[in-house]
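The values are calculated or read from the model by the stated rules, or taken from the named source; none is laboratory data. Here the structure is a predicted model, which is why all the values come from computation and not from measurement. As a convention, Cβ positions derive from the backbone with ideal geometry for all residues, glycine included, and neighbour counts pool all protein chains shown. For the accessible areas, the whole protein counts, side chains as well, though only heavy atoms, and no ligand, DNA or RNA atoms are used. Shrake-Rupley method; radii C 1.70, N 1.55, O 1.52, S 1.80 Å.
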Amino acid sequence: MIYTWESPLGDRTLAIETEDRSLRPWDSGDEYLLTLDEILNNKRKILIVNETFGALACGLEEKVTACWTDSFTHGRNIRENRIRNGQDVPALTDSLDSRPLETDLVLLKIPRSIEYFISLLKKISARVPEGTPLIGVSRSALLPPSFYQSFEEQTEDPSYSRIWKKSRYYFGITRKEEQELPLQTYQWKDFTLVTLPGVFSFGKLDPGTRFLLDYFPEIPAPERAADPGCGSGILSLAAAARWPEAQITATDDSLNAVESTRLSAEKNGFAGRIRAVHTNILEAVESASMDLVICNPPFHHQNRVSVERGLQFIRESARVLKPGGRLILVANKHLGYTNTLKKHFKCVEKKAEGSRFIVLMCSL
């Protein structure tokens, strides 16, 4: 859907890929920042970090020199919305890039994960000039005291604003920081998993995936399998161990997740058989090319429970499977996937059911 945003700096045209009309490609945090003299200074060269749809990037126009995002879809949203508003596309960067960034102001959309928040603050400080002003913004309800404590530890002269339309910002000055790779490892059975901050279920195995692994149905060995939304790569590792001849394509919208899977595959001796790809769901995978798709699809959109994203995973899984191919999926029992699954697959079987989760096997 396409909206006209009456921003404090004028109308902007912004698109969002959803059928949920309650969602918007901007929020009150964006509006709050665009009223600050600190940001509107004409000499500013601004770096924007962790934006979703490009509201700030479009609002600030030529002041934006670079956008930093680890999300494949967010990067695309920013590019397309800048073009939609007749603006040049700014340089795009990510957390795996260690090159210095020339900027004199950083705007950060604060993530929900405190580990990822701390990681971004450290990496920003390592890449921008020491003493660069940094402003982080989010809805106040998503900012418990621990977030401000972390901000105090990572910046000089920290302060915070009053709440405006349920949003608040933090202001600080970057200090010198050494670049590091803030990963965390954990063990599950014979596998060593590597996770970077911001990756789903950071540092632990989530309950849904554990349920799927405990009740994985018996099927013939596939030649090629896909693991969309791979996270730290546990489903890819389990598939590679179960079927020694299979080639696994692991995909994720998060570049940190793709890197986590790559490191996990390397750590467990599967680097030659697991290929990790940064893409939206399975967009980079050829149609009718896979024998099997294994996934635990997400069910949140903009901090809300939503089946929309999970339905996209189902449709993409059907597209990449060969005739006779299978989708093995774990889902929360309350999510309404059944009608879409029956629309795209000839056979939908329940293979396991617990108090919270079900495992389904679907065949083309």
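Descriptive notes on the structure:
- Of the peptides 217-228, 111-122, the ranking by mean beta-carbon count within 10 Å, highest at the top, reads 111-122, 217-228.
- Probe 1.4 Å, accessible area per residue of segment 237-331, Å²: 38
- Accessible area of the chain belonging to carbon and sulfur atoms, whole % at 1.4 Å probe: 47
- If R0 is taken as 22 Å, the Cβ-Cβ distance between Glu130 and Ser159 corresponds to a FRET efficiency of 0.70.
- Charge sum, other residues only, whose C-beta stays under 13 Å from Lys189's C-beta, Lys/Arg counted +1 and Asp/Glu -1: 0
- Average accessible surface for segment 107-184: 48 Å² per residue, computed with a 1.4 Å probe over protein heavy atoms with every protein chain in place.
- Links that overshoot a 20 Å alpha carbon limit, given the list Lys45/Lys165; Lys189/Lys333; Lys123/Lys165; Lys109/Lys166; Lys45/Lys123; Lys123/Lys166: Lys45/Lys165; Lys189/Lys333; Lys123/Lys165; Lys123/Lys166
- Dividing the radius of gyration of the alpha carbons in the chain by their Kirkwood radius gives 0.99 for Rg/Rh.
- For Glu152 and Glu6, the FRET efficiency from 1/(1 + (r/R0)^6), where r spans their Cβ atoms and R0 equals 45 Å, is about 0.80.
- Relative contact order computed over segment 99-143 (Cα-Cα under 8 Å; 6+ residues apart), in percent: 59
- The Asp190 and Asn41 beta-carbon pair, evaluated with R₀ = 51 Å, returns a calculated FRET efficiency of approximately 0.35.
- Highest-first arrangement of 63-74, 155-166, 41-52, where packing means the average Cβ count within 10 Å: 63-74, 41-52, 155-166
- Under 16 Å of direct C-alpha separation, and excluding same-chain neighbours fewer than eight residues apart, Lys322 reaches these lysines: Lys346.
- Cα centroids of segment 199-224 and segment 29-103: 36 Å apart.
- Full extension of the chain segment joining Glu223 with Asp20 gains 69.3 nm, where the gain is 0.36 nm per residue of separation less the Cα-Cα distance.
- In terms of its C-alpha gyration tensor, segment 154-300 comes out prolate, because a/c is 1.5 or above and the ratio a/b outweighs b/c.
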